[in-house]
Amino acid sequence: MSIHKLTKFLIFNSLAIIILLSLGTWQLERLRWKSDLIASMNKNISLPPVEVNSSIISNIKSYSYRRLKLNGYFLYDKNITIYSKVVNGKVGRHLVTPFKTEFGNILINRGFVPEDYKVEPSKNTKNKNIFINGMVKFQQEINYFTPTNSILNNEWYYINIEEISTYFNLNLNSFYVIEENNPDARYPLGSQYNINIPNDHLQYAFTWFSLALALSVFLHLLWRKNVN
């Protein structure tokens, strides 16, 4: 290989090494961000529930994954179910119902119910104030494979607060709450937090850095072979 061609080849691959190192560094930054996020989530979940008030509502973004205590009543005539969930090998859905409070209507993910579960309004508890505990969450991020909600057919695959608000013609707060499990009732099965966030960025960083090292070794050997 001529010196001219070798130089061009080395320049091109040196740029590739810089890109690989940049990708590895970016993954390390993502690792730090994800680790901080998981630590913050675990800390918030471990704290005792705090009773909701106007200050919390106005600063709700600061309470992500925080457990709240809500006082109000379920609007039992307004239920939707989210396809398709599996708990302990049983296929079902998540039951979602608005909860009326003095701070507005808050959407509640009440938990898992099997496919054959009959969702019926409770005449005895309607409009009767109760306390519930649950964890604050915001609009779900969906992936490419998640089907689109159908308001016309009442088919729901993820929680979209704006769409649910339109479906019920009901103003809803900008967050929803995952209700804690009620041991006195078999269903809905609450506490469906699903907070197991994957954190594989160290593995990705190792892959990029390894490729950069392998390419560097290859270029070094190539240089020695053609120059000496």
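Structure summary
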{"read-out": "Val86, sole failed condition from (1) closer than 30 Å to Ile38 by Cβ; (2) in contact (Cβ under 8 Å) with a residue 24 or more places away in the chain; (3) among the aliphatic types (A, V, I, L, M)", "value": "(2)"}
{"read-out": "Residue, surrounded by the most Cβ atoms within 10 Å (Cβ to Cβ), within segment 1-54, restricted to residues that are β-branched (Val, Ile, Thr) and under 30 Å from Asn181 (Cβ atoms)", "value": "Val52"}
{"read-out": "Segment 153-187, residues that are within 15 Å of the chain's Cα centre (by Cα) and either among the hydroxyl-bearing types (Ser, Thr, Tyr) or part of a loop (DSSP other than H, G, I, E, B) (or both)", "value": "Tyr157, Tyr158, Ile159, Asn160, Phe175, Tyr176"}
{"read-out": "Criterion violated by Phe175 - all others in (1) farther than 19 Å from Tyr83 by Cα; (2) without any contact (Cβ under 8 Å) to a residue 12 or more places away in the chain; (3) among the aromatic types (Phe, Trp, Tyr) satisfied", "value": "(2)"}
{"read-out": "Residue count, segment 131-147 (criterion: hydrophobic (A, V, I, L, M, F, W, C) and part of a loop (DSSP other than H, G, I, E, B))", "value": "3"}
{"read-out": "Residue tally, condition hydroxyl-bearing (Ser, Thr, Tyr) and open to solvent by less than 60 Å² (accessible area, probe 1.4 Å), over segment 84-114", "value": "2"}
{"read-out": "Residue in segment 212-224 that is out of contact with any Leu (no Cβ under 7 Å at 6 or more places or on another chain) and assigned to a loop (DSSP other than H, G, I, E, B) present", "value": "no"}
{"read-out": "Test result for Ser40, out of contact with any Phe, Trp or Tyr (no Cβ under 6 Å at 6 or more places or on another chain), small (Gly, Ala, Ser) and at pLDDT 85 or above", "value": "no"}
{"read-out": "Subset tally (residues that are in contact with a helix residue (DSSP H, G or I) (Cβ under 8 Å, 6 or more places away or on another chain) and closer than 11 Å to Gly111 by Cβ) for segment 137-196", "value": "1"}
{"read-out": "Among the candidates Ile56, Ile45, Ile151, residue that is among the aliphatic types (A, V, I, L, M), over 24 Å from Glu163 (Cα atoms) and without any contact (Cβ under 8 Å) to a residue 40 or more places away in the chain", "value": "Ile56"}
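Conditions (1) modelled with pLDDT of 90 or more; (2) closer than 24 Å to Tyr167 by Cα, marked per residue:
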site	(1), (2)
Asp36	no, no
Leu70	yes, yes
Tyr76	no, yes
Val86	no, no
Arg110	yes, yes
Pro121	no, yes
Glu141	no, yes
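The values are calculated or read from the model by the stated rules, or taken from the named source; none is laboratory data. Everything quoted here is computed from the prediction, not taken from an experiment. Quick reminder, even Gly has a Cβ in these numbers, built from the backbone with ideal geometry, and neighbours come from all protein chains shown. Note: areas computed on protein heavy atoms with side chains; ligands, DNA, RNA excluded. Shrake-Rupley method; radii C 1.70, N 1.55, O 1.52, S 1.80 Å.
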